[in-house]
Amino acid sequence: MPKAGTGAGAGWYQAVATVVITATVLALVVRIVMARRRTPAAVTTPPVRFELGPAMGAALSFGAVPSLSEANPGDPLAVVRMRIVAKHPVAGGIVRLRLARVDGRLVNPGYAGAHITLRLPVGVERQYSLCSDPADRAHIDIAVLRAEPSGVGSAHLDDAAVMGGELDVIGPRNNFLLEAAHEYLFVAGGIGMAPIRAMIEALPPTRAWRLIYLGRTRSELAFASELEHRYGDRVRVIVSTERLERVNVAAEIESTTADMYACGRAPLLDDVVAATPAERCHIERFVAVDRDTGAERAPVVVVAHSSGLRVDVSAGLSVLRALQGAGLAIATSCGDGVCGTCETRVLAGTAQHLGSVMSDAGKDEIGVFYPCVSRSTSAELVLDL
Ligand code: FES
């Protein structure tokens, strides 16, 4: 007999209790599974060493889009001592390094697409795009490809980079600024994923975007599994050595009105540039484009506006070297027209752009000039020096 008023011993009561308990347990299991799926650090990286940036980064880094000059304030020569606080492989031949300031202060503010310049102990400087959320100023992450396209620096860095090791860092600096748009198409090739990943981190969740990520083997594609897991069919990974795939990508680019942001090796970027209207095309190169036309260079007079100093630049000398020889302090790094460190402003005259930072139209639009490689088509060029 069941006790009066409880019904606990009745068959119907036990059946209902069983259903309620089972449903509660199932709900708990579903919550735990969903929480784990939403925790990106559980996908590819140890949570203590490389947790991903917080969503608030979007608001901080993308609320107002600065101009390139606003995005690169301060002394371009300023060097900050930073310490390696984490090192972790993220793909075949690629390690991710996390750097924090030795003095414990916040990292200088950067914007998605920014890079830093590392002064390596072997006496060379190398630029590395930030792959972390730019709003996370406690530290910065870079992805280092041992077999870098531009020389030996990264292999040395990978060998020498040990936990607690210190490096001289310049920047962040940004020549690849993420501008406001309704829709984005990101195209990344290999290590070119680094700045694109920072852009994806910085975008508000409501913004429409897709990513095409190309590489020769999947094992060489850093962050591929993580991005697929987090963003589903927004991410398309293409593993192929076939040029046909690039042709297909170009066709896809031509069929969209999205703003294009691309980073990777030269053949891929050349295809992107050919397929995208200039006003929607944003690319960043690792290696300088050979823009030598074979034509003899004309001498030019460069005028430093603030002092009125006139500097004769002979045909065989770069504008940068001539200005430095005249005693003007100009920051420089790559010397090849790729990093943007030597950027100056044109106040009068006509620049002959020979660098690989942004499009020539973009340079003219904001009036910037890279004297390490560029010249002038006018006999005189007045720079904001
Ligand atoms: S020093 Fe790198 S662009 Fe001039």
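Look at the Cα gyration tensor of the range 267-330: its axes a ≥ b ≥ c give a/c of at least 1.5 with a/b over b/c, and that counts as prolate. Computed from point charges on the beta carbon alone (+1 for Lys and Arg, -1 for Asp and Glu), the dipole magnitude for the range 184-234 about its Cα centre is near 100 Debye. Taking His182, His229, His139 and ordering them by how much accessible surface each has at a 1.4 Å probe, largest first, produces His182, His229, His139. The gain in end-to-end length when the Ala266 to Ala278 segment is fully stretched comes to 2.6 nm, 0.36 nm per residue minus the alpha carbon separation. Bin by bin, in steps of 5 Å, what percent of the Cα pairs in the range 231-385 do you find, going until the bin that has the longest distance? So the P(r) values, bin by bin, are 2, 9, 16, 18, 16, 11, 10, 7, 5, 4, 2, 0. Scaling against 2.2 N^0.38 Å puts the C-alpha radius of gyration of the range 195-248 at 1.19. Within the shell of other residues whose beta carbon sits under 14 angstrom from the beta carbon of Leu178, the net charge comes to -4, with Lys and Arg scored +1 and Asp and Glu -1. Judged by the mean number of other Cβ atoms found within 10 Å, the most tightly packed of the peptides 127-134, 194-201, 161-168 leads the ranking 194-201, 127-134, 161-168. Projected over all directions and averaged, the alpha-carbon convex hull of the range 306-376 occupies 4.6 nm². Simple rule: put +1 on each Lys or Arg Cβ and -1 on each Asp or Glu Cβ in the range 173-256, find the dipole, and look at Ala208, Ser225, Phe186; the Cα lying farthest toward the positive end is Ser225.
The values are calculated or read from the model by the stated rules, or taken from the named source; none is laboratory data. Computed from a predicted structure; not experimentally measured. Ideal geometry is used to build each Cβ from the backbone, glycine not excepted, and the neighbour counts take in all protein chains shown. Only protein heavy atoms, including side chains, enter the accessible area calculation; ligands, DNA and RNA are left aside. Shrake-Rupley method; radii C 1.70, N 1.55, O 1.52, S 1.80 Å.
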